[in-house]
1. Return the residues of region B:202-235 that are touching a strand residue (DSSP E or B) at 6+ places or on another chain (Cβ under 8 Å) and in contact (Cβ under 8 Å) with a residue 40 or more places away in the chain; say none if nothing qualifies.
2. Of everything in region A:121-141 that's surrounded by fewer than 19 Cβ atoms within 10 Å (Cβ to Cβ) and in contact (Cβ under 8 Å) with a residue 40 or more places away in the chain, which residue is nearest to the other protein chains (Cβ to nearest Cβ)?
3. Out of the residues in region B:128-151 that are in contact (Cβ under 8 Å) with a residue 60 or more places away in the chain and assigned to a strand (DSSP E or B), which is farthest from the chain's Cα centre (by Cα)?
4. Can you tell me which residue in region B:67-105 is farthest from residue B:49 (Cα to Cα), limited to those that are within 9 Å of chain A (Cβ to nearest Cβ) and assigned to a helix (DSSP H, G or I)?
5. For region B:198-253, what are the residues that are in a strand (DSSP E or B) and surrounded by fewer than 13 Cβ atoms within 10 Å (Cβ to Cβ)?
6. Just wondering, is there one or more residues in region B:215-226 that are within 14 Å of chain A (Cβ to nearest Cβ) and farther than 24 Å from residue B:256 by Cβ?
7. Being at negative phi, at pLDDT below 90, over 18 Å from the mean Cα position of the chain (by Cα) and surrounded by 11 or more Cβ atoms within 10 Å (Cβ to Cβ): is that true of residue B:23 here?
8. Return only the number of the condition from (1) more than 14 Å from chain A (Cβ to nearest Cβ); (2) within 30 Å of residue B:115 (Cβ to Cβ); (3) surrounded by 15 or more Cβ atoms within 10 Å (Cβ to Cβ) that residue B:140 does not satisfy.
């Protein structure tokens, strides 16, 4: 006869499995699980010997398959928990810094917005991981973590505090303006992309197979290009943009940003090297790149795929703050997590 | 002799009408000057216009008329024409920002839609309608123009198109309607446009601010307060939306410039070929008819003159031989028509292959941008909804944003 059992808490995967299998294959009169000094005890009574034997064989077979999976689940869960803790610490630090600088009036409007944007980013990320933890491992997985209540995902920002409606609205306002700014950044990139677009190359010629087409080709091409440039400067109402003007701007911007990127990437690389040294405990990934020494070399080539994490020169607000938070973090595990977030963010932006 | 005259007239009649081009719609006048603003208007007098990418329409049903035309060309024209209309309108100084939109623009103050009824390079026929944010239809008209050969010369991007008279006529009709509006009308159009966009982004808040009558005409019921924070948020989204459309317009403008040369060439060469073909057809028909008339005349001469003199015989023989030659050369001309038709077909294929990748490119960019923006707008709508819920205390499950679709990476 199988007795209904109820396993409270997370428990250990193996123990719970063994408990369940044993109960299924044994004749059980009583099955209890006790927690004594934070250790769980699984108590079975009146179990016959053959039941235990079957349970042991099945457990042996299952353990080979389940072992790896269970380890992965636990490992992934722990990783996420650590990420939440690391991000929350960075958030606390940012909130603290922001309050302090506000008090000392040491912040410009832009800097303040940058801080807020960063805090919003951290909040959203924490919420995301908490949600993932809840989904994958249940509510118990977020116990003692700075996760918002299920129904207040965006609302509860500060750990352990219940926000008023006004605070929640303010928080949403920040989220909204942060999102608008991000959209602005995207639009800016789109504008750059558009400006970089070259007029279609007509070198291949446009011929209808007759001499007429060839004769007039050059003239028409000339007209098109001349007007393109013309339109750049003559448009007054302004939609505005025009190919001619845009191109000129891009070329200038491109040159400037390339120089800046090159220069600051070198600095970033040095920082990366330093950080890698400082965080040697974690073994790997303690800097923006696994190999800190390489950062300076490749920092200038931001367009190269795969080197995203090395290019610290063109960090936006969130990336820069994440990098700084990672650099300041003293706990090697949390430092590693913050660098991971930095790399993920950079990859996402790219 | 009277019989011969009547017969000759009947035979020559088709020659007189042969090759006359017939396109649907009333032709616009020649040399139409654009109406230009004589002063600079303030913001309240400048209405923003959204021109939707035109409906490419359908190709002619008759196989003969389809020669050298293709859907690819129509697709290209459906983008090219509104862009040139935009430039034509912008120059007048009567309008705010004129934008090309890939689809209906709900928050627009004035929306222009069009359909290509006919286009073969030589003639262009468009149906254009304009309506404002209140759903008041300004007009719906069909415009036609058959370009003269010299109108294909001296064209210039943004400024002077082959069918510039037609573009000026449309722009002038829009301006005339705009000039008939009172300042109150313009203000109402601007406010309704804003509220319609508000309804789109925050329906919970602005859902009841407009009402529509039996004609679907929208009326303002409430106006938001001057310091309405939610409207400020909506405006900030609207300005982003406009910037996005401006970016898309950048692609359209680049597309227009890329297409200008091959499209101008195609229209010019095609018009020349069509004119030549029409001339050859007329000539061929004339020769055939003259030939036939000469033979009939010879028979008539034989029938009416009883004199069997050598002179009469010679005249008859000359007429018959001359008539036969005319008919023969008429058929030769017909063969030239076939050659020209093939050239026109070739022009069409060549231009299609040039225009198609341009259309694909601009459409690809448009889809990419609008697609990613749609997600962003959905996110903003959720946030606005949640802010409204929090501000009013009307918290609902629906108002809780979905974490997975966060705007932040």
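The values are calculated or read from the model by the stated rules, or taken from the named source; none is laboratory data. Keep in mind that this is a model prediction, so the values were computed, not measured. Here the Cβ is made from the backbone with ideal geometry for all residues, glycine too, and neighbour counts use every protein chain on show.
1. Of everything in region B:202-235, those that are touching a strand residue (DSSP E or B) at 6+ places or on another chain (Cβ under 8 Å) and in contact (Cβ under 8 Å) with a residue 40 or more places away in the chain turn out to be B:212, B:218, B:219.
2. A:136
3. B:132
4. Looking at the filtered set, the residue picked out is B:87.
5. B:211, B:212, B:219
6. no
7. no
8. Checking residue B:140 against (1) more than 14 Å from chain A (Cβ to nearest Cβ); (2) within 30 Å of residue B:115 (Cβ to Cβ); (3) surrounded by 15 or more Cβ atoms within 10 Å (Cβ to Cβ), the one that fails is (3).
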